[in-house]
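To keep things clear, I will list the structure first and then write my remarks on it.
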């Protein structure tokens, strides 16, 4: 029934816009909840109760133990930002979606971390621009047709390059750059040439889908190989972002493209 109603609503752009605006206004009244990690959180029930990405959370918290700053691109409502801040790590958060930004700021401020976080309400790309973004929540994407998001569910967002946002902020600091931007990873990296070469080199934890969530008539992520090759060309090594942390070679990446191998995860660490 819920799926049928959603299907009907999305057929009519004006009705869909009214529905989403009303839902978001009501959603913003969600209360703060105390988490198992000691901080308060609001905006996503699974994040608050600890059921959201449990394996990735363990990896992130382990990596946070040995870095000076977290850069969270696609910070959403601030789940991983709160983990970093609760561990005494300052945060640079990038999040353009209005609803997500509301909770990101709320979660930072209500835990007393307002002066430990820099928040940029923009999306990341090759250079300054204004582009369309489809969807919201954890699935908002600059890729049209991503995860079957209706074309009517669209807004405009400002674009800056990561190098423009960071400048020389990371020089001399060990950084973890956490990226979850639903298919726009390679475009973001085109504007991160200076950041990729920072000293010390950042650790990158990035979600990169191969076949999942691709637009209709797109079987394989067209930038899957390019993304890995860009890191390899800069001297980075790639690892699965799980407890085992097995290394991924360029040969394995090619085997994925050829359809001869499937990776057990779509989250990867580059360092």
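Summary table below
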quantity: Matching residues in the stretch 240-271 - criterion: being touching a strand residue (DSSP E or B) at 6+ places or on another chain (Cβ under 6 Å) and without any contact (Cβ under 8 Å) to a residue 24 or more places away in the chain; calculated: 246, 247, 248
quantity: Yes/no for residue 201 being farther than 29 Å from residue 150 by Cβ and either surrounded by fewer than 18 Cβ atoms within 10 Å (Cβ to Cβ) or over 18 Å from the mean Cα position of the chain (by Cα) (or both); calculated: yes
quantity: Matching residues, the stretch 162-173, being assigned to a loop (DSSP other than H, G, I, E, B), surrounded by 14 or more Cβ atoms within 10 Å (Cβ to Cβ) and either in contact with a helix residue (DSSP H, G or I) (Cβ under 8 Å, 6 or more places away or on another chain) or on the phi > 0 side of the Ramachandran plot (or both); calculated: 170
quantity: Unique match (being under 27 Å from residue 271 (Cβ atoms) and either surrounded by 19 or more Cβ atoms within 10 Å (Cβ to Cβ) or without any contact (Cβ under 8 Å) to a residue 60 or more places away in the chain (or both)) among 131, 142; calculated: 142
quantity: Filter result (exposed (fewer than 12 other Cβ atoms within 10 Å of the Cβ) and under 20 Å from residue 64 (Cβ atoms)) within the stretch 226-253; calculated: 243, 244, 245
quantity: Residue identified as more than 24 Å from residue 72 (Cβ to Cβ) and out of contact with any helix residue (DSSP H, G or I) (no Cβ under 6 Å at 6 or more places or on another chain) among 229, 243; calculated: 229
quantity: All positions within the stretch 246-265 that are at pLDDT below 90 and part of a loop (DSSP other than H, G, I, E, B); calculated: 258, 259, 260, 261, 262, 263, 264, 265
quantity: Test result for residue 222, closer than 22 Å to residue 125 by Cβ, without any contact (Cβ under 8 Å) to a residue 12 or more places away in the chain and surrounded by fewer than 18 Cβ atoms within 10 Å (Cβ to Cβ); calculated: yes
quantity: Pairs, first surrounded by fewer than 18 Cβ atoms within 10 Å (Cβ to Cβ) in the stretch 50-76, second in a strand (DSSP E or B), C-beta under 7 Å, six or more apart; calculated: 68/175
quantity: Residue check, residue 217 free of Cβ contacts under 8 Å to residues at least 24 places away in the same chain, in a loop (DSSP other than H, G, I, E, B) and on the phi < 0 side of the Ramachandran plot; calculated: no
quantity: Residues of the stretch 105-115 classified as within 11 Å of residue 90 (Cα to Cα) and surrounded by fewer than 16 Cβ atoms within 10 Å (Cβ to Cβ), total; calculated: 2
quantity: Residue count for the stretch 19-50, restricted to those that are modelled with pLDDT under 95, out of contact with any strand residue (DSSP E or B) (no Cβ under 9 Å at 6 or more places or on another chain) and part of a loop (DSSP other than H, G, I, E, B); calculated: 7
quantity: Residues (part of a loop (DSSP other than H, G, I, E, B) and in contact with a strand residue (DSSP E or B) (Cβ under 7 Å, 6 or more places away or on another chain)) located in the stretch 174-197; calculated: 180, 181, 182, 183, 184, 191
quantity: Residues being touching a helix residue (DSSP H, G or I) at 6+ places or on another chain (Cβ under 6 Å) and farther than 30 Å from residue 171 by Cα - total across the stretch 43-72; calculated: 3
quantity: Members of the stretch 146-161 found to be within 16 Å of residue 185 (Cα to Cα) and either assigned to a loop (DSSP other than H, G, I, E, B) or touching a helix residue (DSSP H, G or I) at 6+ places or on another chain (Cβ under 6 Å) (or both), listed by number; calculated: 147, 161
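The values are calculated or read from the model by the stated rules, or taken from the named source; none is laboratory data. Note that the structure is a prediction, hence the values are computed from the model and not measured. Note that each Cβ is placed from the backbone with ideal geometry, even for glycine, and that neighbours are counted across all protein chains shown.
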